[in-house]
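Novice: Provided herewith is a single structure, encoded as structure tokens, for subsequent inquiry.
The values are calculated or read from the model by the stated rules, or taken from the named source; none is laboratory data. In this text, all values refer to a predicted model and were calculated from it rather than measured experimentally. Here the Cβ positions follow ideal geometry from the backbone for every residue, glycine too, while neighbour counts run over all protein chains shown. The area values use the complete protein model at the heavy-atom level, side chains included, leaving out ligands, DNA and RNA. Shrake-Rupley method; radii C 1.70, N 1.55, O 1.52, S 1.80 Å.
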Amino acid sequence: MNSGIDLQGTFIKSLTDLGLSDGTAKALWMPLPMILMLIGATVGVLVCVWLERKISAAAQQRIGPEFIGAFGLLAPVADGLKLVFKEDIVPGKADPWLFTLGPIIVVLPVFLSYLIVPFGQNIVITNVGMGVFLWIALSSIQPIGLLMAGYASNNKYSLLGGLRAAAQSISYEIPLALSVLAIAMMSNSLSTVDIVNQQSGYGILGWNIWRQPVGFLIFWIAALAECERLPFDLPEAEEELVAGYQTEYSGMKFALFYLSSYVNLVLSALLVSVLYLGGWDFPFPINTIASLLGVSETNPVLQVVTAGVGITMTVLKAYFLVFIAILLRWTVPRVRIDQLLDLGWKFLLPVGLVNLLLTAALKLAFPVAFGG
């Protein structure tokens, strides 16, 4: 298998060739992926906000932003600047420490989860053996921050929003984990890199979505509920909760909730791309095309092309799913809280269990196709 370009190895080798020690070169490499991750996640949020405006305008037969920069591209930047310069108000009887910690605890786990997202064979910040469950563990911290924010606001609407967020997260974490277990069972690994490698070699025909269509639907529905996207945005339902846990927030603290929501949406789309849509894998095997053209797998140009195609394919698949999520927001009505909980506990949970048992049976019966 073509391992693609090894960015870390190339960077460290270049510095050691210049006379730096191996330890110094590794120390200089360490912050670079994290800075790139922060920049990439922030740019992803700006793109999402712009897409939200344009797609919602198209769905409602409006024009949307046009004159704030070319095609309205500076509208998200204007939003960000407005929030940065807005006054930060803390309610008089609120708990100031918990009120400040709430949005921080909400946003940190989402950014940390980007550590495990691979954009190529060697283009990943850290290839953790328990990568997918690290993401599930980190995402389960988020409701604590929401509940903390709701409680600290000293506002009944905020408290109800925080309680709803906790109930919603617990309801959908379990079906989501069951769908991930089915993928882990087929891939014999929880590493995101191994999961993509298990799907590669056959192009689009090897992607997990064909072997796990039910798991794909469960994961995507549960991910939307975890991101609190419509039709599952019950914790901040404006009609009954006046914005829920966000009611008393303003300025940058409100912006952190806003940021975490969109970063989490892009992250969920990236993980669906990795788990079910082949990740960086091209719909037609690049190695097969290269061998037909007589190009060696070790060719440096092929490695650069493979890395470029991998990043492009991962991002394109993710943003296709973001487009679907935004379209759902503007076409599907919001569910009630009892419908939300019923869907998680009475439908997705039993279907997820059946899907897991069926995957185990198919793995034993057809080991070649289901990762025996």
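Novice: Could you tell me how many of the residues in the range 49-87 are under 29 Å from Pro143 (Cα atoms), part of a loop (DSSP other than H, G, I, E, B) and open to solvent by less than 80 Å² (accessible area, probe 1.4 Å)?
Specialist: 0
Novice: Out of the residues in the range 285-298 meeting the condition of being closer than 20 Å to Phe119 by Cα and among the polar types (S, T, N, Q), tell me which one is modelled with the highest pLDDT.
Specialist: Among residues in the range 285-298 that are closer than 20 Å to Phe119 by Cα and among the polar types (S, T, N, Q), the one modelled with the highest pLDDT is Asn287.
Novice: Is there a residue being more than 21 Å from Val315 (Cα to Cα) and either among the basic types (Lys, Arg) or touching a residue at least 60 places away in the same chain (Cβ under 8 Å) (or both) anywhere in the range 105-124?
Specialist: Within the range 105-124, one or more residues are more than 21 Å from Val315 (Cα to Cα) and either among the basic types (Lys, Arg) or touching a residue at least 60 places away in the same chain (Cβ under 8 Å) (or both).
Novice: Looking only at the range 250-284, filter to residues that are aromatic (Phe, Trp, Tyr) and open to solvent by less than 20 Å² (accessible area, probe 1.4 Å); which one of those is modelled with the highest pLDDT?
Specialist: Tyr276
Novice: Hey, another quick one. Going by the conditions given, is Asn188 at pLDDT below 85, of a type outside the set (Lys, Arg) and surrounded by fewer than 20 Cβ atoms within 10 Å (Cβ to Cβ)?
Specialist: no
Novice: Still on this model: Given (1) out of contact with any Leu (no Cβ under 8 Å at 6 or more places or on another chain); (2) at negative phi, identify the lone condition not met by Gly69.
Specialist: (2)
Novice: Residues in the range 24-37: is at least one touching a residue at least 60 places away in the same chain (Cβ under 8 Å) and either among the polar types (S, T, N, Q) or closer than 30 Å to Tyr151 by Cβ (or both)?
Specialist: No, the conditions are met nowhere in the range 24-37.
Novice: Enumerate the pairs (first residue in the range 54-73 and under 20 Å from Leu328 (Cα atoms) and of a type in the set (Gly, Ala, Ser); second residue anywhere and open to solvent by 50 Å² or more (accessible area, probe 1.4 Å) and part of a loop (DSSP other than H, G, I, E, B)) with beta-carbon separation below 7 Å, excluding pairs fewer than 6 apart on the same chain, so at least 6 apart or on different chains.
Specialist: Cβ pairs passing all conditions: Ser56/Trp330; Ala57/Ile63; Ala59/Trp330; Ala59/Thr331.
Every residue, every condition in (1) more than 30 Å from Lys54 (Cα to Cα); (2) of a type in the set (Lys, Arg); (3) surrounded by 18 or more Cβ atoms within 10 Å (Cβ to Cβ); (4) free of Cβ contacts under 8 Å to residues at least 60 places away in the same chain, yes or no:
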{"site": "Phe320", "(1), (2), (3), (4)": "no, no, no, yes"}
{"site": "Ile337", "(1), (2), (3), (4)": "no, no, no, no"}
{"site": "Ala361", "(1), (2), (3), (4)": "yes, no, no, yes"}
{"site": "Phe366", "(1), (2), (3), (4)": "yes, no, no, yes"}
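Novice: Here's another thing I want to ask about it. Can you work out which of the residues in the range 191-203 that are out of contact with any Gly (no Cβ under 7 Å at 6 or more places or on another chain) and not in a helix (DSSP H, G or I) is least open to solvent (accessible area, probe 1.4 Å)?
Specialist: Here the residue is Gly201.
Novice: Return the residues of the range 190-207 that are within 23 Å of Ala137 (Cα to Cα), out of contact with any Asp or Glu (no Cβ under 7 Å at 6 or more places or on another chain) and in contact (Cβ under 8 Å) with a residue 12 or more places away in the chain; say none if nothing qualifies.
Specialist: Leu190, Ser191, Thr192, Val193, Ile195 - these are the residues of the range 190-207 that are within 23 Å of Ala137 (Cα to Cα), out of contact with any Asp or Glu (no Cβ under 7 Å at 6 or more places or on another chain) and in contact (Cβ under 8 Å) with a residue 12 or more places away in the chain.
Novice: Hey, could you check the range 149-185 for residues that are among the hydrophobic types (A, V, I, L, M, F, W, C) and over 23 Å from Arg229 (Cα atoms) and say which is surrounded by the fewest Cβ atoms within 10 Å (Cβ to Cβ)?
Specialist: This residue is Met185.
Novice: Give the range 100-153 a look and list any residue that's over 15 Å from Asn264 (Cβ atoms), in a loop (DSSP other than H, G, I, E, B) and at pLDDT 85 or above, or say none.
Specialist: Residues satisfying the conditions are Pro118, Ser153.
Novice: Go through (1) within 26 Å of the chain's Cα centre (by Cα); (2) aliphatic (A, V, I, L, M); (3) open to solvent by less than 50 Å² (accessible area, probe 1.4 Å) for Ala94 and report which single condition fails.
Specialist: (1)
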